[in-house]
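Working notes for the structure below.
Values in this text are rule-based calculations from the coordinates and carry no lab data. Keep in mind that this is a model prediction, so the values were computed, not measured. We place every Cβ from the backbone using ideal geometry, glycine too, and count neighbours over all the protein chains shown.
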Amino acid sequence: MKIKDLEINGVTFLAPLAGITNLPFRQLIKDCGCAVVCSEMISAKGIFYNSEKTITLLKSREGERPLSVQIFGSDPLSMGQAAQFIDTLGIADIIDINFGCSVKKVIKQGAGVALMKDLVLAQKILKAVRDATSLPFTIKIRSGWDATGDQAVNLAKIAEDQGVNAIAFHPRTAAQGFKGKANWELIARLKQVLRIPVIGNGDIITPQDAGKMLSRTGCDAVMVGRAAMANPFILSQIEQYVAHGTFVEPEPRAIFRKMETLIQGYVSYFGETTACRMLRGRLAWFIRGLSGAAAFRKELSSLASSAQALEMIRDFEANLNT
Ligand SMILES: Cc1cc2nc3c(=O)[nH]c(=O)nc-3n(C[C@H](O)[C@H](O)[C@H](O)COP(=O)(O)O)c2cc1C
């Protein structure tokens, strides 16, 4: 699959996840095997006003490329300028606009899924970003504000006309948040009306789910979010499954090694204190369902140092093997 002139080597995209798909996490997923990783959503206004916190989110490394950088906002001028700034930094292979976030704080600004109700403004934003950069340009959308999917189709057609090169589609309504089921039939519908590639997203937990989404909807690639938070190998398993019909289940010890890598990555990126605070909520995802996970989670809630986290993993692994 190609997004504009960018050849995508595979069918998997790591979804943008606010507070999660930071540089160390993206690198972890990339190293496990994933075609394209996406940044978390980054405020165009934050870039416009040169906010230090926002600019930090734009840190990248060569090893994670190709990288899709997602911006959000509701003002065409700052969205265009943000896209141009990111282009100039030379860190992004794809610029993506968030048309799907249904978090109140984002909707209140008129951004994210709020834009699916205002197609005139959406078009201005698309034009501003397209005029600002020649990078491959994608958008990520939801079904819209009702379950019909008409808003998604309408926005996608406008986007295609404005020079957007691919669309990632999470077919849940704004009101659904992450509840209920993603309506994959709408992905099939979108695929039929567009010429540009469609990346299907929503409720892929296993490689078989990805296979089903690809075959049932005809989408060109799949995007995975929450499942990657617990299984860093899921995207490479999907690549294996799509190519060969089988995939390798990772051994628990492979997961432990990835947990250690994440700890080290967090410490060097965020510093010891912030890394520990973040890891308290993160590490337990990887061992969900394993014997002793509840006690691990409890101890993790008061994590004080990365050395403690590494020791906890060693103890957990030793107990699992006895
Ligand atoms: C914690 C969290 C943060 C998210 N942040 C973003 C975001 O920054 N940008 C975005 O477009 N979608 C965001 N999403 C939505 C995901 O990208 C994805 O569309 C959704 O989780 C459905 O895919 P999944 O079933 O594979 O998780 C977020 C979802 C979660 C759970």
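Computed from the C-beta positions of Glu62 and Ala295 and an R0 of 30 Å, the FRET efficiency is 0.15 to the nearest 0.05.
Return the equivalent ellipsoid semi-axes of the range 252-321 as a descending list in whole Å, where each equals the square root of 5 times an eigenvalue of the C-alpha gyration tensor.
Whole-Å semi-axes of the equivalent ellipsoid: 19, 13, 10.
Rounded to 0.05, the FRET efficiency of the Arg257 and Phe178 pair, given R0 = 30 Å and the Cβ-Cβ distance, is 0.50.
Working from label points 7 Å from Cα in the Cα-to-Cβ sense, the Lys108 to Ser215 distance is 4.7 nm. Stretching the chain fully between Glu185 and Ile205 yields a gain of 5.4 nm (0.36 nm per residue, less the alpha carbon separation). Mean-square fluctuations from a GNM of the chain, with a 10 angstrom spring cutoff on Cα atoms, peak among Ala254, Ala128, Ala309 at Ala254. About its Cα centre, the chain has a charge dipole of approximately 760 debye under the convention of +1 per Lys or Arg Cβ and -1 per Asp or Glu Cβ, with nothing else charged. Taking the chain as a Gaussian network, where each spring joins two C-alpha atoms under 10 Å apart, which residue of Arg26, Arg142, Arg61 fluctuates the most? Largest GNM mean-square fluctuation: Arg61. Report the rotationally averaged projected area of the range 44-91 based on its alpha-carbon convex hull, in square nanometres. Result: a mean projected hull area of 3.2 nm².
Where in the chain is the longest stretch that carries no chymotrypsin sites (Phe, Trp or Tyr not before Pro) classed as loop by DSSP and with at most 12 other Cβ atoms within 10 Å?
Values: sites that count: Tyr49, Phe178.
Looking at the chain, 179-322 is the longest stretch - no exposed chymotrypsin sites (Phe, Trp or Tyr not before Pro) with at most 12 other Cβ atoms within 10 Å.
One way to sum up the overall shape of the chain is the equivalent ellipsoid from its Cα gyration tensor, whose semi-axes run 33, 23, 18 Å, largest first. Normalised by the number of residues in the range 2-244, the mean separation of alpha-carbon contacts (under 8 Å, six or more apart) gives a relative contact order of 19 percent. Bridges between two residues of the chain, per DSSP, are antiparallel at a rate of about 5%.
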